[in-house]
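Step one of this worksheet: look at the structure below.
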Amino acid sequence: MVEGSDRQLQPGTLYLVATPIGNLADITLRALEVLRAADVIAAEDTRHTRKLLSAHGVHNRLLSYREHNHEAATRQVLGMLEEGKTVACVSDAGTPGLNDPGQRLVQRVLQQGLEVVPVPGPSALLAALVASGLDCANFLFLGFPPRRPEALREQLEQVSQLPATLVFYESPRRLADTLAALAATLGPRPAVVARELTKLHEQFLRGSLEQLAERFAGQEPRGEVVVLVAGSKRQRPRLELSGELKQLADAALRGQRLGTSQLAGLLSRLTGNKRRELYDWLSRLRREHEQ
């Protein structure tokens, strides 16, 4: 055991174990300890996970935990945890619970009052972000973009004014269409396409969204992809106060009571409503307040 590691797993606890996103050597010592010690390993793809475990000499019971059997597998995991057993949850790659079925498992486990412990490690999101050259201090992870063009356009419009770096996961076959949609909605922003992270053919392609959309048009690159887009550089418009609004604010701060006629005139110039109508409305308000 290395110093500071778990000498004994806590009974009735779900461990979220990050696994390599490509290079099998990226697994942590603590992750291996937990995988060896857990009563069962809940894996998104048991065949894929078995290869990882075999490479590191880990031989443990595997339980299939994926989208299509989510409900039944969740009940099975909860039953084990309530019996005091330990369960290690892994995804196909990276950190479980991040844009995969593990997120719902975590929610259900916590709802039952049981413990969840993260075992941090590889993450495609963070690996791509820190090497992108874009802002790492302020970013928004959006997972996989919506498949329908209308839904994607709506999502992009909602985040188009944010100064945060936008980060997406995307499949190779949809990359060209997504880049085209990003370019059409967000304009010529700096962007990065990161693919095959930590693998032999790892690649970072940088340029404007338009350049990258053109680069991948009609192509389907190998491997999973992370797309990163620079945040909006638009400055918020400065608040311009009219003379009438300043006069109203000054009167309110000073506790000054404006006459009905004066207030109606100011509001008329601010709102465009007729002065006479505003005067009558204010007069009714004042009578109600004085009753």
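The values are calculated or read from the model by the stated rules, or taken from the named source; none is laboratory data. Predicted model, so just to flag it, every value in this text is computed and none were measured. Cβ: placed from backbone, ideal geometry, glycine included. Neighbour counts: every protein chain shown.
Assess whether Ala164 counts as being within 25 Å of Ala25 (Cα to Cα) and within 20 Å of the chain's Cα centre (by Cα).
On the way: within 25 Å of Ala25 (Cα to Cα): no; within 20 Å of the chain's Cα centre (by Cα): yes.
Taking the combined requirement at face value, the residue does not satisfy it.
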Contacts under 7 angstrom Cβ, first residue in segment 54-73 being farther than 19 Å from Asp39 by Cα and of a type in the set (A, V, I, L, M), partner at pLDDT 90 or above and not in a loop (DSSP other than H, G, I, E, B), 6 or more apart
Ala55/Leu24
Just name the residue that is farthest from Thr165 (Cα to Cα) out of those in segment 135-150 that are modelled with pLDDT of 95 or more and not in a loop (DSSP other than H, G, I, E, B).
Phe141
Counting just the residues of segment 108-118 that are free of Cβ contacts under 8 Å to residues at least 40 places away in the same chain and either more than 21 Å from the chain's Cα centre (by Cα) or closer than 15 Å to Tyr65 by Cα (or both), which one comes out surrounded by the most Cβ atoms within 10 Å (Cβ to Cβ)?
Arg108
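Yes or no: Arg234 at pLDDT 90 or above and of a type in the set (D, E, K, R)? First the steps, then the outcome.
Working: at pLDDT 90 or above: no; of a type in the set (D, E, K, R): yes.
Criteria not met by Arg234.
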Residue list for segment 181-215, filter: surrounded by 18 or more Cβ atoms within 10 Å (Cβ to Cβ), hydrophobic (A, V, I, L, M, F, W, C) and under 25 Å from Gln158 (Cα atoms):
Ala181, Leu182, Ala183, Leu186, Ala191, Val192, Val193, Ala194, Leu209, Leu212, Ala213
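Mind checking which strands (runs of 3 or more DSSP E) fall wholly inside segment 11-92 and carry at least 3 residues that are in contact with an Asp or Glu (Cβ under 6 Å, 6 or more places away or on another chain)? Steps first, answer last, please.
Details: elements: 13-17, 40-43, 62-64, 87-90.
Result: empty, no element qualifies.
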Exclusive hit being exposed (fewer than 12 other Cβ atoms within 10 Å of the Cβ) and either modelled with pLDDT of 95 or more or not hydroxyl-bearing (Ser, Thr, Tyr) (or both), set Ala37, Ala72, Ala31, Ala55:
Ala72
Take the residues in segment 89-101 that are more than 15 Å from the chain's Cα centre (by Cα) and closer than 20 Å to Ala37 by Cβ, then tell me which one is surrounded by the most Cβ atoms within 10 Å (Cβ to Cβ).
Val90
Mind checking which residues of segment 206-225 are under 28 Å from Pro20 (Cα atoms), modelled with pLDDT of 95 or more and under 22 Å from the mean Cα position of the chain (by Cα)?
Arg206, Val225
